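Written out below as structure tokens is the structure these notes cover.
Every read-out reported here was derived from the displayed coordinates using simple, explicitly stated rules and does not represent laboratory data. Remember, it's a predicted structure, so these values are computed and weren't measured experimentally. For neighbour counting, all protein chains shown are included, and Cβ atoms are generated from backbone atoms with ideal geometry for every residue, glycine included.
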Amino acid sequence: MKWRILPIGISVLLLGSAVHSVADARPSAANTTWPRSLIVKPCASVGVQGPGSGPARVVCTGVTGRTATINVSTPWLSDRTPELSLVNIPTFFNLQWDPDSVGASDSQPLTLSYPAGSGATDRLDNVRVQLRFRAVNATGESSVERLVSENVEFEGSGQLYLIPAAPSVSMDKAFEAYSNYACNAIKDPAGNALLTIVEDEGGHNSGTVTRPKAGFVTCETMAGELEPPAGGFDPDEFLLEGEPRYLGWDPLSVSRFLAFTPHASIYGAGTDRGSPAFQISATTRLQFEARVVWDEHVVRNVTETTVCSWDYKDDYDFVDWSRWPKPSITNQS
């Protein structure tokens with residue numbers, strides 16, 4: 001058997017979702033030449049369901065007429081701080097793969113014969129379709145409006161800025177400027193007010209009301225209030241005959257980021273817990289792979305043998321004398 005690779009682009013939104021795929025069609029199995037045609041094109045059609053209350057799901061209607069499915073693993077904001085996002089106050093997020101968004105189901109096994117009807121010469125036992133995903137790295141570089149992490153890219157909408165909680169030393173000027181605005185009270189005192197307010201009054205300055213701590217210049221304390229990431233999912237736990245169903249699914253390199261905006265949330269494009277909110281979208285890039293497998297290929301061979309021999313002429317008991325005609329006797333006078 002061999003894999004047939006179908007590229008599919010899938011967009012998964014954290015506060016609302018959209019998916020896209022290209023479907024194809026093929027004749028039914030009874031009208032094809034076996035078994036190579038089944039291997040070359042295992043899916044009669046491919047579509048994407050959801051996401052709704054669960055993750056997006058790729059559905060393959062196989063050559064057997066039965067469906068196989070696999071879920072699209074979804075980026076998950078597992079924790080955030082502060083709980084209430086405010087204008088010009090950065091909100092920190094944990095980012096990881098949602099362990100509840102993975103899973104796959106092979107098509108139910110079916111025995112197929114060819115050609116159809118009583119004159120079949122071939123039979124495939126327990127034919128089934130199996131699916132898996134291969135991660136494809138996101139393209140382009142990160143910016144304050146678009147973060148790239150492994151095979152996922154995140155985008156804010158409506159003047160929502162996204163910054164890694166641990167930005168690299170080689171960050172560009174835009175990253176540096178927004179990072180200082182959100183997280184460096186000394187370089188930009190007009191930015192994050194929580195860094196200048198002492199802890200007794202609800203801020204994050206570790207000094208006192210009378211003597212604020214001037215050396216507190218980063219957002220590390222705020223990020224430290226996040227719960228440790230739960231680890232997402234382990235691709236090795238979702239195996240397909242010894243190999244991962246999710247190939248190349250690495251932990252997200254941007255495991256924490258912060259988002260902030262100088263605008264009120266009424267200008268956002270979504271909702272959060274029933275209130276107006278800015279929207280963050282995540283696009284997952286992957287290759288969809290499908291194959292047909294079976295347990296046994298049975299081929300019928302019919303051999304006819306004609307025996308022409310007098311080897312039994314001396315075996316008197318072998319001759320079926322009841323089949324010989326009665327003698328015809330004619331009386332003559």
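Taking other Cβ atoms within 10 Å as a rough exposure proxy, GLU304, GLU243 sort from fewest to most as GLU304, GLU243. Spin-label model, SER37/ALA177: points 7 Å from Cα along the beta carbon direction are separated by 6.2 nm.
Only sites in a loop by DSSP and with at most 13 other Cβ atoms within 10 Å count here; which GluC sites (Glu not before Pro) in region 125-157 make the cut?
Values: sites: GLU141, GLU145, GLU150, GLU153, GLU155; in loops: GLU141, GLU145, GLU150.
When the GluC sites (Glu not before Pro) of region 125-157 are filtered for loop state and at most 13 Cβ neighbours within 10 Å, GLU141 remain.
Could you please rank VAL292, VAL87, VAL48, placing first whichever residue has the fewest other Cβ atoms within 10 Å of its Cβ? Could the numbers behind the result be given before it?
Working: VAL292 26, VAL87 10, VAL48 20.
Fewest to most other Cβ atoms nearby, the residues stand as VAL87, VAL48, VAL292.
Count Lys and Arg as plus one, Asp and Glu as minus one, and take only other residues whose Cβ is under 15 Å from that of VAL72; the net charge is then 0. Among ASP250, ASP272, a tally of other beta-carbon atoms within 10 Å of each Cβ gives an order, fewest to most, of ASP250, ASP272.
For trypsin sites (Lys or Arg not before Pro), the sites in region 92-200 that DSSP calls loop and that have at most 14 other Cβ atoms within 10 Å are LYS187.
Under the classification rounded if a/c is under 1.5, otherwise prolate if a/b is larger than b/c and oblate if not, where does region 41-157 fall, given a ≥ b ≥ c as square roots of the Cα gyration tensor eigenvalues? Could the numbers behind the result be given before it?
Numbers: a/c = 4.32, a/b = 3.09, b/c = 1.40.
Since a/c reaches 1.5 and a/b is larger than b/c, the shape of region 41-157 is classed as prolate.
Report the FRET efficiency, 1/(1 + (r/R0)^6), for ASN301 and SER322, where r is their Cβ-Cβ distance and R0 is 30 Å, rounded to 0.05. For ASN301 and SER322, the calculated efficiency is 0.25.
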